[in-house]
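*Asks:* Below is one structure. I have some questions about it.
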Amino acid sequence: MGIFGTHGRELVDEFGPGNVAFIKQGFGHYVEQIGEEPTQILIVFNSGLCQEISISSWLAANPPSMLADNFKLSSEQVARLPKARAGILR
């Protein structure tokens with residue numbers, strides 16, 4: 001799982017059976033299956049309101065300087081990122 005926040009803060013860690021992770025509100029995150037066995041994930045929210053935010057929408061909603069700092073991108077690379085939800089791209 002990877003977690004990232006402002007000012008270049010990031011954490012990537014591996015989790016196994018019985019492990020628990022907590023992601024603070026406002027932090028971007030992703031989960032990647034790296035093993036061969038099926039994975040089951042239980043996600044609990046501290047609010048009854050849950051909404052999915054696509055990565056393209058999340059990128060478009062953040063200041064370019066924050067994206068450049070966190071992802072170590074040039075201003076030219078940040079300018080090429082999606083400005084709205086892109087859906088599944090090929």
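No value in this document is a laboratory result; all are computed from the given coordinates. All values derive from a computational prediction rather than experimental measurement. Glycine also receives a Cβ, built like all others from the backbone with ideal geometry; neighbour counts cover every protein chain displayed.
*Asks:* Exactly which GluC sites (Glu not before Pro) in the chain are in a DSSP loop and have at most 14 other Cβ atoms within 10 Å? The partial results should precede the final answer.
*Replies:* On the way: sites: 10, 14, 32, 36, 52, 76; in loops: 14, 32, 36, 52.
Sparse-neighbourhood loop GluC sites (Glu not before Pro): 14, 32, 36, 52.
*Asks:* Residue-wise, which Karplus ³J(HN,Hα) couplings in Hz belong to the range 53-68, taking 6.51 cos²θ - 1.76 cosθ + 1.60, θ = phi - 60°, and x for glycine or proline?
*Replies:* For the range 53-68, the Karplus curve yields 10, 5, 4, 5, 5, 5, 4, 5, 8, 9, x, x, 5, 5, 5, 4 Hz.
*Asks:* Where the only charges are on Cβ atoms (+1 Lys, Arg; -1 Asp, Glu), what is the dipole of the chain about its Cα centre, to the nearest 20 debye? Write out the running numbers ahead of the final one.
*Replies:* Numbers: 7 positive and 9 negative charges, 103 e Å.
Approximately 500 debye in magnitude.
*Asks:* Go through (i) 40, 30, 19; (ii) 35, 22, 21; (iii) 42, 31, 28 and flag the label whose value is the computed Cα extents along the principal axes in Å for this structure.
*Replies:* (iii)
*Asks:* Right, something else. Rounded to the nearest 500, what is the chain's calculated 222 nm mean residue ellipticity when only DSSP H runs of at least 4 contribute -39500 (n - 2.57) each, over all residues?
*Replies:* Numbers: 3 runs with 19 residues, N = 90.
About -5000 deg cm²/dmol.
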